[in-house]
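The values are calculated or read from the model by the stated rules, or taken from the named source; none is laboratory data. Computed from a predicted structure; not experimentally measured. Note: ideal-geometry Cβ built from the backbone for every residue, glycine included; neighbour counts use all protein chains shown.
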Amino acid sequence: MTGSAPLVAVIGGGQLARMMAEPAAALAIPLRLLAEADGVSAAQVIPDQIVGDHTSLADLREVTAGAAVVTFDHEHVPTEHLRALADDGIAVRPGPDALVHAQDKGVMRERLGALGVPCPRNALVESVADVEAFGFPCVLKTTRGGYDGKGVWVVESAADCAEPFETAAASGVRLLAEELVDFRRELSALVARAPSGQAAAYPVVESVQRDGVCREVIAPAPDLDPELATQAQEVALRIAGELGVTGVLAVELFETRDGRILVNELAMRPHNTGHWTQDGAVTSQFENHLRAVLNLPLGSPAPRERWTVMVNILGGSDGAEAPGRLYDGFPHAMARDPRLRVHLYGKDLRPGRKVGHVNAYGDDLDDCLERARHAAAWFAGDLGNESE
């Protein structure tokens, strides 16, 4: 109809696409989804959908037909396909020239190094001899395809290098060696940037990772030196501007024990370390991502409360997959904590799988931590581990 909002195509049916649906509905922005299978997380809430393969240009063209903009739940769409969509007249946001820096860690390290952005010492390696020359211990990463700790190895000797090189050879990707950083903690600086150049920076947060998986996020990062927090935001804003990012950019950082920050990873989409913004910020990362890709004025990233804690709900050690199991957690969690905010992804429980998260907010950090940890453990059926 005349004056209707432009259609946004979203590639990937995971929980990030699912969580774009709520602000899209509030803004009356139509979404169309390319889902990898029937009934995946986002397909449960976005009715306009196509089941297809993100590596198929034909499927990508089908889902973007009539769309003004295409954006992403993940970064795995081939760069050449993104260029083809752009040639078709679709606004690809973030664009292929930006997104490649989140797709390929080798490309990312080379560009950030050229920009003078603080990073761990690193080098592309083609042999065990190269790794020995780089120096043990170190971290080996596949340049493409790794996530949640996959494709990452800490190696202390030549014998440890066998699996990384076999994995890289089998998948046809390169290996990157990085120094094993002695860090105090991990931080994340989240920004949103529109094509107009307008940008918004959220408070820098602390993220707690176990086995390569984000377990909890504290916003803002406790006891973070204000100058270091400002530097982290400035680094994220500079990266977004220099790379031409449109949408949300998450810059994962190490805070070293000697008071520096080093860039660890980049993500050009809504990010786990920004889930706290759904309830703890004036404008969530999901709404600001949609505003940015449509070149609408960005919303305020200011926090609503002094503290917000996000804890991921992971499938418990018992491996139960019974439908409705997570829903059964609502009576206790809601009665115990009426201010708790629960976000479930419509996924079956499997050990270690992210199936939801909880947000707790307030003036007392210890209270927020206890409430969020208890609720997450209750939903996972793993209360013995809620205070780890």
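Before moving on, here are some points about what is shown:
- Looking at 40, 70, just one residue is under 19 Å from the mean Cα position of the chain (by Cα), crowded, with 22+ Cβ neighbours inside 10 Å and part of a loop (DSSP other than H, G, I, E, B), and that residue is 40.
- Residues of the range 347-366 that are buried (at least 17 other Cβ atoms within 10 Å of the Cβ), not in a loop (DSSP other than H, G, I, E, B) and not charged (D, E, K, R): 355, 356, 357, 358, 359, 360, 361.
- Inclusion of residue 21 among residues that are of a type in the set (A, V, I, L, M), within 22 Å of the chain's Cα centre (by Cα) and more than 30 Å from residue 156 (Cβ to Cβ) is warranted.
- Condition met for residue 45 (closer than 27 Å to residue 244 by Cβ and outside the structural domain of residue 241 (by TED's automatic domain parsing)): no
- Pairs meeting the criteria (first residue in the range 221-239 and in contact (Cβ under 8 Å) with a residue 24 or more places away in the chain, second residue part of a helix (DSSP H, G or I) and surrounded by fewer than 17 Cβ atoms within 10 Å (Cβ to Cβ), beta carbons under 8 Å, at least 6 apart or on different chains) are 222/365; 238/115; 239/115.
- Test: residue in the range 196-203 that is aromatic (Phe, Trp, Tyr) and assigned by TED's automatic domain parsing to the domain that holds residue 307: yes
- The condition of being surrounded by fewer than 22 Cβ atoms within 10 Å (Cβ to Cβ) and under 14 Å from residue 119 (Cα atoms) holds for only one of 265, 242, 255, that being 265.
- In summary, residue 75 fulfils each of the numbered conditions (1) modelled with pLDDT of 95 or more; (2) in a loop (DSSP other than H, G, I, E, B) with the single exception of condition (1).
- Answer residue from the range 1-18, given it is under 19 Å from the mean Cα position of the chain (by Cα) and not in a strand (DSSP E or B) and is surrounded by the most Cβ atoms within 10 Å (Cβ to Cβ) among those: 17
- Filter result for residue 75 (under 26 Å from residue 262 (Cα atoms), under 19 Å from the mean Cα position of the chain (by Cα) and crowded, with 16+ Cβ neighbours inside 10 Å): yes
- Residue pairs meeting the criteria (Cβ under 6 Å; at least 6 apart or on separate chains; first surrounded by fewer than 17 Cβ atoms within 10 Å (Cβ to Cβ), in the range 328-346; second part of a loop (DSSP other than H, G, I, E, B) and modelled with pLDDT of 95 or more): 346/41
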